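I have placed the structure first, in the form of structure tokens, so that the comments after it can refer back to it.
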Amino acid sequence: MASASTDASPGPSAVTGPRSSGDPRLAVVVITHRRRAEVLTALERLRDLPERPAVAVVDNGSDDGTAEAVAAEHPWALLVASPENLGALGRDVGVAALERALDPPPELVAFCDDDTWWEPGSLARAADLLTEHPALACVTATILVEPGGRDDAINAELRDSPVPGGGGV
């Protein structure tokens, strides 16, 4: 199994690295914990995106065979098997692993949970927006809930955030 440690060592020695990205600006970090079926589905969707992003999966201490299944079914993805549940901090671990594994490291990293996915073309669109508007620091996607693709209630909260912006994009 390809894995990387979460300590401060110079880098994972058993990792062959994520596949080359079709769009070298982009990479995706996926975190998971005891959700083998969900993360495998998310990885299938990420693998098939036209952007072909490099992907790191951080398994947060699963004991249900998640890491082994990811390594077996998606060897193109960089797997970081943490011995403990780091929660959202697993995203930082994934970004660091991508920075060590890719030369050059990605300019932009998107996050994805094990039960979410990016629509084809959406990562490229987000990357284009960030490139065209250098003052823009973050792009948040519209969250649709399946089945049916209805708006998640958080969308209105994110859209109407009281955080001051620098103008519409």
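The values are calculated or read from the model by the stated rules, or taken from the named source; none is laboratory data. The shown structure was predicted, so the numbers you read here are calculated from the model rather than taken from an experiment. As a convention, Cβ positions derive from the backbone with ideal geometry for all residues, glycine included, and neighbour counts pool all protein chains shown. Remember, those area values only see protein heavy atoms, side chains included, never the ligands or the DNA or RNA. Shrake-Rupley method; radii C 1.70, N 1.55, O 1.52, S 1.80 Å.
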Report task. Could you tell me whether any residue of region 152-168 is assigned to a strand (DSSP E or B), closer than 22 Å to Glu38 by Cα and charged (D, E, K, R)? Result -> no
Query raised in the report: Can Ala88 be described as assigned to a helix (DSSP H, G or I) and loosely packed, with under 13 Cβ neighbours inside 10 Å?
Result: yes
Query raised in the report: So which residues in region 85-102 are more than 15 Å from Asn60 (Cβ to Cβ) and of a type in the set (S, T, N, Q)?
Result: none
Query raised in the report: If you scan region 42-55, which residues turn out to be touching a residue at least 60 places away in the same chain (Cβ under 8 Å) and either surrounded by 15 or more Cβ atoms within 10 Å (Cβ to Cβ) or in a helix (DSSP H, G or I) (or both)?
Result: Ala42, Arg45, Leu46, Leu49, Glu51, Pro53
Report task. Would you mind finding the one in Arg150, Arg159, Arg91 that is of a type in the set (Lys, Arg) and within 18 Å of Ala42 (Cβ to Cβ)? Result -> Arg91
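Table: residues versus (1) in contact with a Phe, Trp or Tyr (Cβ under 9 Å, 6 or more places away or on another chain); (2) open to solvent by 90 Å² or more (accessible area, probe 1.4 Å); (3) at pLDDT 95 or above; (4) part of a strand (DSSP E or B).
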site	(1), (2), (3), (4)
Val57	no, no, yes, yes
Ala71	no, no, yes, no
Ala81	no, no, yes, yes
Cys112	yes, no, no, yes
Trp118	no, no, no, no
Thr131	no, no, no, no
Ala135	no, yes, no, no
Thr142	no, yes, no, no
Pro147	no, yes, no, no
